[in-house]
Structures are given as C-alpha cells and as structure tokens.
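Enquirer: There's a structure below that I have some questions on.
The values are calculated or read from the model by the stated rules, or taken from the named source; none is laboratory data. This one's a predicted model, so the numbers in the text were calculated from it and none came from an experiment. Quick reminder, even Gly has a Cβ in these numbers, built from the backbone with ideal geometry, and neighbours come from all protein chains shown. The protein model used for the area step is the full one, side chains on, heavy atoms only, and it has no ligands, DNA or RNA in it. Shrake-Rupley method; radii C 1.70, N 1.55, O 1.52, S 1.80 Å.
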Amino acid sequence: MKFFRYDSGFWSAMERVFDWMVLNLLWLVTSLPLVTVGASTAALTEVSRRMEQGEEPPVFKSYFKAWAKYWKTATALWAMLVAAVSWLLLSLRICFVAGSAWFLPVAVVEGALLFVVVLSIPYALLFCTQSQLGIREVVKQAVVAALRHLPWSVVLALVAWTPWAITLLVPQALPYLLLFWLFLGVGSLSFLQQKVFDRLAKAETSGLLNS
C-alpha cells in the first residue's frame, strides 16, 4: 500500500518529527551549563532554517558544526539579552514596589523597552546565524525587524514563550509538559518559528511588506 511506502507523506512526517526530537535533545544537553543557551539556540536555528529551506543536513554533524561556529557571538549576544531583560524586570519591580506616581512614566518606558527586547530575541538569534555582522549591528537589525513586522513578531514571541509560561504557571499540566519539553519542546518550536520567518522572507521578496 502507498501509505506504507518509505517515500510516502506519512514517513516523511515521521522523519521530520524524529528530527525535532533529536534537535530538541541536542539543545537540552548542550544548554545544561545555561551560559551556552545562546550558542545552542543559534545552532538549533541554523539547522531548522536549512531544513525549512528543503535541505536535508545530517542533524548531529550540522548542529555541532553550527554550535562551534556561532558559540562566541551567540553566547555574548545571549548574555547581553539576558542582562537587558533582567535589568528591565528589576527596574519595573522597583517602580511597582515604590508605589509612587512619579515612577509611572519610568515604568511605562521600561515596559515598552522590555516589550521590544522580548520581541527582538528571535530575530537576533536568527540574524546571528545569517550574517557576519557584529553584535551591535545584529541587535539593531533585530529591533528594526521586530518593530517593522510587529504582528508577526508577536506571533513569534507567543510561539517561543507561551509553553514556558504554561509550564511555570499551570502546575497541573507539568507532567504532560515535561514530556513535551523532553521529546519535542524547543525543537518543534524552532520549526514553527522558521515557518513564520519563511513567510516573512517570501513576503519581503514579493514586496508585500514594503508597500
């Protein structure tokens, strides 16, 4: 039967799911030191992007090659982004604890900055793997892209952060979410983000986003 043929759509889908699982496991293992999360995410983004473009790279070899290629830049970029988010969250907490109306304008500005930084993170990690630009230029382009494609940037942020939020805020779902993070997790989320990036790239090519 055609359904059981190796080149059928079913087996192609299963092969893609297996790739998600392998990439997810690689990301989990290489992110354990925490300071390497940026390099691991950059490598995951690189391999996911190549797969989304129709390539069939060897997962293990491609992942570690990308990890070694981007680990310095991506680690520095990740440290910068974590520092920025941490500082803004701490500043917002101070404003709310102070409880003074004088701090309201500051809280509004810092909340807006935090919103932009969070939206820029997926773009920053993508641009980190696509160019030889320095970190400052990568951050600049990521912020511009996040604001330029604001609706899709929100979609990207929701894809990236909603599962984490549910994991932290809904303890009843923790057993199921642990299985999700162990077997699919960031691997599947990366592929979903690449779908959005691919849509944006096609729209840019056709000029739809420039009108």
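Enquirer: With each run of n ≥ 4 DSSP H residues scored as -39500 (n - 2.57), what mean residue ellipticity at 222 nm is computed for the chain after dividing by its residue count and rounding to the nearest 500 deg cm²/dmol?
Expert: About -28000 deg cm²/dmol.
Enquirer: Just to confirm a number: summing +1 for Lys and Arg and -1 for Asp and Glu over residues other than Lys69 whose beta-carbon lies under 15 angstrom from that of Lys69, what do you get? Numbers along the way, then the final one.
Expert: Details: positive: Arg49, Arg50, Lys61, Lys65, Lys72; negative: Glu46.
Net charge in that neighbourhood comes out at +4.
Enquirer: Of the residues Thr36, Thr167, Thr73, which exhibits the maximal mean-square fluctuation in a Gaussian network model of the chain defined by a 10 Å Cα contact cut-off?
Expert: Thr167
Enquirer: Now for a different question. Which FRET efficiency, nearest 0.05, do Val196 and Ala98 yield, Cβ-Cβ r, R0 41 Å? Could the numbers behind the result be given before it?
Expert: Working: r = 38 Å, r/R0 = 0.94.
With a Förster radius of 41 Å, E is 0.60.
Enquirer: Top mean-square fluctuation among Ala98, Ala142, Ala68, Gaussian network model of the chain, C-alpha springs under 10 Å?
Expert: Of Ala98, Ala142, Ala68, the most mobile in the Gaussian network model is Ala98.
Enquirer: Which log10 I(q)/I(0) values does the chain give at q = 0.09, 0.15, 0.18 Å⁻¹ under the Debye formula, counting every alpha carbon as one identical point scatterer?
Expert: Values, matching the q order: -0.41, -1.06, -1.39.
Enquirer: Shifting gears a bit: Provide the gained length on full extension for the span Lys69 to Val109, in nm with one decimal, where the gain is 0.36 nm per separating residue minus the Cα-Cα distance.
Expert: Net length gain for the segment: 10.8 nm.
Enquirer: Taking only Cα atoms and a 10 Å spring cutoff, compute GNM fluctuations for the chain and point out the largest among Met14, Met80, Met51.
Expert: Among Met14, Met80, Met51, the largest mean-square fluctuation in the Gaussian network model of the chain belongs to Met14.
Enquirer: Relative contact order for the chain: what is it in percent, counting Cα pairs under 8 Å that are at least 6 residues apart?
Expert: Relative contact order, the chain: 25 percent.
Enquirer: Quick check: at a probe of 1.4 Å, how many percent of the accessible area of the chain sits on carbon and sulfur atoms? Each step should come with its number before you reach the end.
Expert: Details: 9300 of 12790 Å².
Percent of accessible area from carbon and sulfur atoms in the chain: 73.
Enquirer: Kindly report, to the nearest 10 Å², the accessible surface of Lys140 as traced by a 1.4 Å probe over protein heavy atoms only.
Expert: Here the residue's solvent-accessible area equals roughly 130 Å².
Enquirer: Another one. For Gln130 and Leu90, FRET efficiency with R0 = 30 Å and r from the beta-carbon atoms, rounded to 0.05?
Expert: In this case the efficiency is close to 0.40.
Enquirer: Lysine pairs in the chain 8 or more apart or on different chains: how many have alpha carbons under 30 angstrom apart?
Expert: Total qualifying Lys-Lys pairs in the chain comes to 15.
Enquirer: List, in order, the whole-Hz ³J(HN,Hα) value for each residue of segment 94-99 obtained from phi through the Karplus relation with A = 6.51, B = -1.76, C = 1.60 and θ = phi - 60°; use x for Gly and Pro.
Expert: Per-residue couplings from phi come out as 4, 4, 6, 5, 4, x Hz.
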